[in-house]
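Worksheet for the structure shown next.
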Amino acid sequence: MSVLVFVEGLNGEVKKSSLEAASYGSQVAQQLGTTTTAIAIGDVQEAALAKLGEQGVSKVLYDGDSRLNQFIADAYVKVIAKAVQQENAKVLVFSNSNIGAAVGAKLAVRLNGSLATNVTALPTIDGGSFVVTRGVFSGKAFADVALTSDLKIVAIKKNSIDITSGGGSATVENFSADLADADFAVSPKETVMQDTNGGVLLPEAAIVVSGGRGLKGPENWHLVEDLAKELGAATACSKPVSDMDWRPHHEHVGQTGITVSPNLYIAIGISGAIQHLAGVNSSKVIVVINKDPEAPFFKAADYGIVGDAFEIVPKIIEAAKAL
Ligand code: FAD
């Protein structure tokens with residue numbers, strides 16, 4: 001019996017969200033008195049996988065089939081299902097990414113497991129009961145949910161679990177689910193990774209600088225871009241901004257856009273509507289710049305600056321340049 005963690009790679013490295021999932025899995029394994037195995041697919045280097053030992057993973061199964069470099073849900077499900085069976089896994093851990101949420105749901109059906117997405121804390125395990133806490137209503141509330149099937153599947157909300165360190169090195173073993181061409185019957189022709197300033201991908205960015213309708217028009221976006229450049233950040237925007245084509249749609253964050261969980265989210269001229277907050281409220285630190293002291297975003301902010309963005313942001317850019 002083991003705990004199995006699905007690990008996602010990006011440019012050869014393990015994604016931060018998967019390090020969080022591995023840390024979660026290892027702590028659960030410790031509580032259950034068992035070991036943690038990871039299953040990894042596609043674009044990730046062996047050395048990066050071995051380093052998962054730091055998070056307490058003892059063994060990594062790696063399927064390097066290059067057809068899996070692009071996300072194909074049914075093929076991923078086959079690989080992970082085989083790993084669950086081989087390892088006799090009773091707990092399967094994902095990051096609550098698009099891939100994790102999609103594959104987790106399919107695996108729950110296929111393997112008759114109980115699934116909880118958006119999980120924000122370590123479970124309470126008492127005898128046979130396994131209770132997880134998950135965010136609901138766009139992060140406005142939490143629900144405790146008992147997972148009762150033999151196989152418990154959890155998808156961890158980004159930035160909810162601290163990354164642990166101090167373990168050794170994990171062994172990496174080749175793994176194959178012997179996929180046939182039929183498993184790739186529906187597959188994307190090409191995946192284009194959208195990036196913004198300096199190649200910082202929005203969903204993975206540690207710092208995000210985001211602009212709203214308060215910036216008046218696309219001609220003023222140099223304020224967002226220049227600040228992002230100084231901070232090594234990705235740029236983002238509110239929904240109306242992308243609806244008006246001031247910015248591309250892949251930068252829109254919120255309930256109907258991308259969910260981000262950076263260490264620092266800087267919101268400039270954004271009111272903080274609940275639909276916007278739904279996509280950013282798991283950021284570690286939120287800084288809000290808004291000229292209206294009553295703007296709802298200030299209630300979610302760790303730091304707030306009340307004032308005109310056109311006066312304040314250039315000063316912050318100058319200060320960042322001087323660092
Ligand atoms: P506004 O609400 O117009 O706010 C502009 C802010 O800028 C104001 O607070 C103002 O005080 C401030 N401001 C103005 N001038 C300055 C200045 N010079 N300096 C500093 N501050 C200034 N929205 C999203 O963002 N993401 C979503 O995913 C999303 N999904 C939605 C889904 C549904 C079903 C619905 C109904 C709505 C959704 N919305 C979403 C829209 C959301 O409700 C808000 O309308 C939107 O977030 C407002 O965008 P904004 O803050 O940029 O603009």
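The values are calculated or read from the model by the stated rules, or taken from the named source; none is laboratory data. All values derive from a computational prediction rather than experimental measurement. Glycine gets a Cβ as well: all are built from the backbone with ideal geometry, and neighbour counts include every protein chain shown. Please note that ligands, DNA and RNA were not included when accessible areas were found on the heavy atoms of the full protein model with its side chains. Shrake-Rupley method; radii C 1.70, N 1.55, O 1.52, S 1.80 Å.
Out of Leu323, Leu227, I need the residue that is outside any strand (DSSP E or B) and either aromatic (Phe, Trp, Tyr) or surrounded by fewer than 18 Cβ atoms within 10 Å (Cβ to Cβ) (or both). Which one? Reasoning before the result, please.
Working: Leu227 fails: either aromatic (Phe, Trp, Tyr) or surrounded by fewer than 18 Cβ atoms within 10 Å (Cβ to Cβ) (or both).
Of Leu323, Leu227, the one residue that is outside any strand (DSSP E or B) and either aromatic (Phe, Trp, Tyr) or surrounded by fewer than 18 Cβ atoms within 10 Å (Cβ to Cβ) (or both) is Leu323.
Considering each residue of the stretch 271-320, count those that are within 11 Å of the ligand (Cβ to nearest atom), of a type outside the set (Gly, Ala, Ser) and either closer than 30 Å to Lys157 by Cα or surrounded by 21 or more Cβ atoms within 10 Å (Cβ to Cβ) (or both), and give that number.
Residues flagged as within 11 Å of the ligand (Cβ to nearest atom), of a type outside the set (Gly, Ala, Ser) and either closer than 30 Å to Lys157 by Cα or surrounded by 21 or more Cβ atoms within 10 Å (Cβ to Cβ) (or both) within the stretch 271-320 amount to 14.
Counting only residues that are in contact (Cβ under 8 Å) with a residue 24 or more places away in the chain and part of a helix (DSSP H, G or I), how many does the stretch 240-265 have?
4
Looking at Val253, is it more than 9 Å from the ligand (Cβ to nearest atom) and either touching a Gly at 6+ places or on another chain (Cβ under 7 Å) or among the basic types (Lys, Arg) (or both)? Spell out the reasoning first.
Values: more than 9 Å from the ligand (Cβ to nearest atom): no; either touching a Gly at 6+ places or on another chain (Cβ under 7 Å) or among the basic types (Lys, Arg) (or both): yes.
No.
Which condition number in (1) in a helix (DSSP H, G or I); (2) more than 22 Å from Leu151 (Cα to Cα) is the one that Ile80 fails?
(2)
For the stretch 85-182, please list each of the strands (runs of 3 or more DSSP E) lying entirely inside it that holds at least 1 residues being open to solvent by 30 Å² or more (accessible area, probe 1.4 Å) and either charged (D, E, K, R) or under 19 Å from Gly254 (Cα atoms) (or both).
89-95, 114-119, 124-126, 129-136, 141-146, 171-174
Kindly check whether there is at least one residue in the stretch 27-37 that is closer than 17 Å to Ser95 by Cα, assigned to a strand (DSSP E or B) and touching a helix residue (DSSP H, G or I) at 6+ places or on another chain (Cβ under 7 Å).
Just the residues of the stretch 27-37 that are closer than 17 Å to Ser95 by Cα, to begin with: 27-29, 36-37.
Still in the running and assigned to a strand (DSSP E or B): 36-37.
Add one more test, that the residue is touching a helix residue (DSSP H, G or I) at 6+ places or on another chain (Cβ under 7 Å), and what stays is 36-37.
Yes, that holds for at least one residue.
For the stretch 48-63, indicate whether the set of residues that are more than 22 Å from Thr35 (Cα to Cα), at pLDDT 95 or above and among the hydrophobic types (A, V, I, L, M, F, W, C) is non-empty. I'd like the intermediate steps shown before the answer.
Step one: of the stretch 48-63, the residues more than 22 Å from Thr35 (Cα to Cα) are none.
No: zero hits.
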